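Q: Quick one: this structure, given as structure tokens, is what I'll be asking you about.
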């Protein structure tokens, strides 16, 4: 309840107590599940280093248990944490696992596009977003479809970023002072959208 209401400190205390109890009972499945939730909570708080550590622990336990769903969830969360830290190599490794249902695969493809975009690999980013888009269209996932269109648009923008400025310089057409505030506002909005991520 505290987690859903945004009371992350209370949620953290609850998880810590639950983790200690499950460890005392030697219930590895519940320990793994709680560590995964603690990792998710750390991500909500912006502590991606802690998120990676806790999800790495949960992943190891889920692998020992042969729990495919737990493995897929922990890998997904590790990938998200890696993206947030701009560790695109680790993110790719996490999202490369194609286990899980089509929805999970569509999200993984989307995040692989995000990672490729972060590395400046525009062609691969568009390929991943396009494959994700196909999957989300088949599933009727409107949020995913919109996310893919935003990803493709941002990739196009980022791959040509500065082209307008270079063209202005080449043909000698500066931004008029009266348009400067609007021009800067538009650039700021575009850069802000470059941080978009499908939840």
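Please treat every number below as a calculation from the coordinates, not as lab data. Keep in mind it's a predicted model, so treat the numbers as computed, not measured. Methodologically, a virtual Cβ is constructed for each residue, glycine included, from the backbone with ideal geometry; neighbour enumeration extends over all protein chains shown.
Q: Pulled fully out, how much extra length does the chain show between residue 146 and residue 184, if you take 0.36 nm times their separation in residues and subtract their Cα-Cα distance?
A: Working it through step by step, the gained length comes to 11.1 nm.
Q: What is the distance, in nm, between label points placed 7 Å from the Cα along the Cα-to-Cβ direction at residue 20 and at residue 44?
A: 2.1
Q: Continuing with this model, one more query. How many Å³ per residue does the convex hull of the Cα positions in the stretch 51-145 occupy?
A: So the per-residue Cα hull volume is 81 Å³.
Q: Further question on the same structure: How high is the FRET efficiency between residue 68 and residue 139 when r is their beta carbon distance and R₀ equals 22 Å, given to the nearest 0.05?
A: Plugging the Cβ-Cβ distance into 1/(1 + (r/R0)^6) gives 0.65.
Q: In nm, what is the difference between 0.36 nm times the number of residues separating residue 103 and residue 8 and their Cα-Cα distance?
A: Additional length available on full extension: 31.4 nm.
Q: Express in % the proportion of alpha carbon pairs of the stretch 102-160 at distances exceeding 16 Å.
A: Tail of the P(r) past 16 Å holds 31 percent of the pairs.
Q: OK, next. Each label point is 7 Å from the Cα along the Cα-to-Cβ direction; what then is the distance between the points at residue 60 and residue 153, in nm?
A: 4.4
Q: At a Förster radius of 30 Å, what calculated FRET efficiency corresponds to the Cβ-Cβ distance of residue 30 and residue 122, to the nearest 0.05?
A: Rounded to the nearest 0.05, the efficiency is 0.10.
Q: Quick one: which of 66-77, 106-117 comes out on top by average Cβ neighbours within 10 Å, and what's the full order, highest first?
A: So the order, starting with the most tightly packed, is 106-117, 66-77.
Q: Multiply the residue separation of residue 130 and residue 96 by 0.36 nm, subtract the distance between their alpha-carbon atoms, and state the gained length in nm to one decimal.
A: My answer for the length gained is 10.6 nm.
Q: Classify the stretch 1-104 as rounded, prolate or oblate from the Cα gyration tensor: take a ≥ b ≥ c as the square roots of its eigenvalues, call it rounded if a/c is under 1.5, otherwise prolate when a/b beats b/c and oblate if not.
A: Oblate.
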